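These notes are about the structure you will find just below.
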């Protein structure tokens, strides 16, 4: 993507002016170019998790949003787009507070975020985004690894740290901790 003009700090206001076919996240005012379109397997995994969660949430208050869906992790009421210097696009976001939703996505931390690893994004998802989600106080973070067919579930502890809670393999049934009674059949997420 060709950014309009070299700037020291980009904000959500800049993102709103970029062409629809050019996507980037901004982290602390720095643009991070989105990787090429994800693989078919990545999309199948993301779709299946979204589908299972969506089926569970039918008629409930919480909503599931697959990418592309903008999440302004640190935006607060009264902030203008020029004030927001961090916006990410998780593979899947679950939001239970409707007041956080607007036409552009989610302002503030979703209740849960899922990232499906790709070779080009795995370091970013496991380090940079983990740090952002922790600082924003996302309550539950899943890192789904298509290569190893594992799902790591991290939960926010009382001290504000995302701690590894459980690791599931492809035969497991993963509990969605922020949604009472919601479980994901991983054999459908990672078919043979």
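Of the residues making up region 54-89, those that are buried (at least 16 other Cβ atoms within 10 Å of the Cβ), without any contact (Cβ under 8 Å) to a residue 40 or more places away in the chain and in contact with a helix residue (DSSP H, G or I) (Cβ under 8 Å, 6 or more places away or on another chain) are 63, 64, 66, 67.
For region 78-107, the set of residues classified as in a strand (DSSP E or B) and more than 16 Å from residue 31 (Cα to Cα) consists of 92, 93, 94, 95, 101, 102, 105, 106, 107, listed by residue number.
Within region 21-30, the residues that satisfy the criterion of being in contact with a helix residue (DSSP H, G or I) (Cβ under 8 Å, 6 or more places away or on another chain) and at pLDDT 85 or above are 26, 27. Could you identify the single residue in 77, 169, 180 that is closer than 24 Å to residue 16 by Cβ and over 17 Å from the mean Cα position of the chain (by Cα)? None of the other options fit; the residue is 77. The condition (being under 17 Å from residue 34 (Cβ atoms), within 14 Å of the chain's Cα centre (by Cα), modelled with pLDDT of 90 or more and buried (at least 21 other Cβ atoms within 10 Å of the Cβ)) is satisfied by just one residue among 115, 140: 115. Kindly evaluate residue 75 against the criterion of being closer than 23 Å to residue 141 by Cα and part of a loop (DSSP other than H, G, I, E, B). Spelling it out, residue 75 is indeed closer than 23 Å to residue 141 by Cα and part of a loop (DSSP other than H, G, I, E, B).
Taking region 37-50 as the range and being under 14 Å from residue 68 (Cβ atoms) and either outside any helix (DSSP H, G or I) or modelled with pLDDT under 90 (or both) as the test, the residues that pass are 37, 38. In region 114-140, the residues that are at positive phi and in a helix (DSSP H, G or I) form no Cβ pair under 6 Å with any partner that is modelled with pLDDT of 95 or more and surrounded by fewer than 21 Cβ atoms within 10 Å (Cβ to Cβ), whether six or more places apart or across chains. Checking each residue in region 183-192 for being more than 19 Å from the chain's Cα centre (by Cα) and either within 23 Å of residue 131 (Cβ to Cβ) or assigned to a strand (DSSP E or B) (or both) picks out only 185.
Residue 160 passes every criterion in (1) on the phi < 0 side of the Ramachandran plot; (2) not in a strand (DSSP E or B) apart from (1).
Look through region 90-100, keep the residues that are in contact (Cβ under 8 Å) with a residue 24 or more places away in the chain and closer than 21 Å to residue 180 by Cα, and return whichever of them is surrounded by the fewest Cβ atoms within 10 Å (Cβ to Cβ). Step by step, filter region 90-100, then rank; the result is 98.
The values are calculated or read from the model by the stated rules, or taken from the named source; none is laboratory data. Small disclaimer: the values here were computed from a predicted structure and weren't measured. Please note: Cβ atoms are built from the backbone with ideal geometry, for glycine as well, and neighbour counts cover all protein chains shown.
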